[in-house]
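Everything below concerns the one structure shown next.
The values are calculated or read from the model by the stated rules, or taken from the named source; none is laboratory data. In this text, all values refer to a predicted model and were calculated from it rather than measured experimentally. Cβ sites come from the backbone with ideal geometry, for glycine too, and all protein chains shown count toward neighbours.
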Amino acid sequence: MIRFPSPPDGAPDDLKTAIRRFESGLYRNAIDHLLKVLATSPSHALAAHYLVLANRRLAPRPATKPTLVWQFPPDGAWETDWLRELFGDSISGEVVDNTWSKMIDPMIVVDNRLVPEKIAYYRDAFRHGCRVILVHLSDEAFKDDLGAYQYCDAVLRNYHSERLAAYAAIKQFPLGYKAGFLRSIADKPATTRTHLWSFAGDANKHGRAEMLHAFNQLPGGFIHATSGFGAADALPTTAYRTLMDETLFAPCPGGWSSLDTFRVYEALEAGCIPIVERRPGFDYFTRLMGSHPIPTVDDWRSAAAFIRTSQSNDTAEHLRLACRDWWRAHKKNLKGEIAAFVATALT
């Protein structure tokens with residue numbers, strides 16, 4: 001679990017004893033003391049919480065693989081293809097709920113926009129004895145209510161958080177590519193790509209005017225500016241993939257809050273060389289994924305200068321292949337890590 005509630009001042013002695021026994025791995029003894037508390041106070045929430053935990057520790061490991069439960073329709077969602085690639089054959093199947101009512105043991109619940117009203121579902125699943133792995137998406141601004149975490153055996157989430165990285169039961173993973181972007185085709189070498197660099201998206205977000213000003217000094221670029229996020233003039237996913245297949249360097253400015261964006265991983269999927277930002281004292285992509293070959297800059301003038309010195313055929317192709325091969329290996333390792341993370345949480 002993400003956290004264990006502590007007994008308040010004045011808690012019954014049997015509850016304090018039960019928690020000490022629980023911490024020592026004496027689960028049966030802890031259960032005896034918890035039942036004494038509940039016999040006199042049937043609605044004691046903390047005793048009931050620890051009773052579920054103790055019984056779960058003594059229960060056998062689930063014999064079946066977890067079911068992937070979507071709390072929003074996967075058709076049309078951006079993360080669908082990426083999550084299906086990551087979980088692969090480590091799940092038994094998929095269920096679309098979207099009502100926060102399915103109780104399956106064990107289950108991997110895919111959810112976003114966590115609000116206090118959703119906590120009841122996770123609490124009820126916990127009390128029903130369901131082992132739950134939560135996949136928490138879209139919390140870029142770190143504004144979601146994390147109250148549901150305490151009822152989950154583990155959490156997988158996007159957007160690296162320094163605070164949450166300290167929890168062993170929380171694993172953070174990259175945004176990945178949007179649904180419909182993946183293609184099973186050979187990527188083009190540097191010498192046959194049409195565009196030295198390209199950018200398609202909202203040019204009005206913070207820092208992007210600076211990026212475009214720096215890159216406009218480089219010949220061989222292509223820009224498709226849109227009027228806003230998700231606007232009608234945005235490139236369809238298939239057209240954007242075609243653009244990436246013809247692009248060598250892909251500048252990847254941050255989103256509204258985080259430096260992470262789908263375009264980083266889409267560039268890697270298409271065999272481009274993404275260029276990402278870091279902030280003073282905060283090298284986001286290294287903290288999220290470890291050592292990597294992706295060019296990382298402090299400002300976009302440095303990025304343009306980097307391209308000028310790296311665009312020769314041999315240099316660019318060597319870097320392109322380094323990024324492509326690293327990404328393929330990283331995905332393979334990440335899938336294994338997630339499978340092990342889930343298995344450990346459900347043990």
- Test for ALA267: is it modelled with pLDDT of 95 or more, of a type in the set (Gly, Ala, Ser) and either outside any helix (DSSP H, G or I) or farther than 26 Å from ARG157 by Cβ (or both): no
- Query: Would a scan of segment 295-317 turn up a residue that is surrounded by 19 or more Cβ atoms within 10 Å (Cβ to Cβ), of a type outside the set (Lys, Arg) and closer than 21 Å to GLN172 by Cβ?
  - Reply: yes
- Task: Search segment 99-111 for residues that are in contact (Cβ under 8 Å) with a residue 24 or more places away in the chain and pair each with any residue that is of a type in the set (S, T, N, Q) and in a strand (DSSP E or B) when their beta-carbon atoms are under 8 Å apart and the residues are at least 6 apart or on different chains.
- Result: ILE104/THR67; PRO106/THR67; MET107/THR67; ILE108/THR67
- Restricted to segment 196-214, and to residues that are crowded, with 21+ Cβ neighbours inside 10 Å and either touching a Cys at 6+ places or on another chain (Cβ under 9 Å) or modelled with pLDDT of 95 or more (or both), which residue is nearest to TRP256 (Cα to Cα)? PHE199
- Message: Conditions first: (1) in contact (Cβ under 8 Å) with a residue 40 or more places away in the chain; (2) part of a strand (DSSP E or B). GLY88 passes all but one, so which condition is the exception?
- Response: (2)
- Is segment 231-245 home to any residue that is basic (Lys, Arg), in the same structural domain as ARG308 (by TED's automatic domain parsing) and exposed (fewer than 14 other Cβ atoms within 10 Å of the Cβ)? no
- Task: For residues that are within 25 Å of PRO280 (Cα to Cα), among the β-branched types (Val, Ile, Thr) and over 26 Å from the mean Cα position of the chain (by Cα), tally how many sit in segment 292-329.
- Result: 2
- Do we have GLY147 as touching a Ser or Thr at 6+ places or on another chain (Cβ under 6 Å) and not assigned by TED's automatic domain parsing to the domain that holds PHE229 here? no
- Task: Filter segment 305-347 down to residues that are in contact with a Pro (Cβ under 6 Å, 6 or more places away or on another chain) and either among the aliphatic types (A, V, I, L, M) or modelled with pLDDT under 95 (or both), then give me how many there are.
- Result: 2
- Item | Out of PHE173, PHE215, sole residue that is in contact (Cβ under 8 Å) with a residue 12 or more places away in the chain, within 25 Å of LYS331 (Cα to Cα) and among the aromatic types (Phe, Trp, Tyr) | PHE173
- For segment 283-320, what are the residues that are among the hydrophobic types (A, V, I, L, M, F, W, C) and in contact (Cβ under 8 Å) with a residue 12 or more places away in the chain? PHE285, LEU288, MET289, ILE294, VAL297, TRP300, ALA303, ALA304, PHE306, ILE307, ALA316, LEU319
- Query: Which one is nearest to the chain's Cα centre (by Cα), of the residues in segment 136-167 that are part of a strand (DSSP E or B) and under 25 Å from PHE282 (Cα atoms)?
  - Reply: ARG157
- Message: It is to be established whether one or more residues within segment 47-58 are crowded, with 16+ Cβ neighbours inside 10 Å and over 27 Å from SER101 (Cβ atoms).
- Response: no
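Quick check, is VAL69 out of contact with any helix residue (DSSP H, G or I) (no Cβ under 8 Å at 6 or more places or on another chain), more than 16 Å from ALA345 (Cα to Cα) and free of Cβ contacts under 8 Å to residues at least 40 places away in the same chain?
Criteria not met by VAL69.
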- From the residues in segment 23-38 that are under 14 Å from ARG56 (Cα atoms) and small (Gly, Ala, Ser), which one is nearest to the chain's Cα centre (by Cα)? GLY25
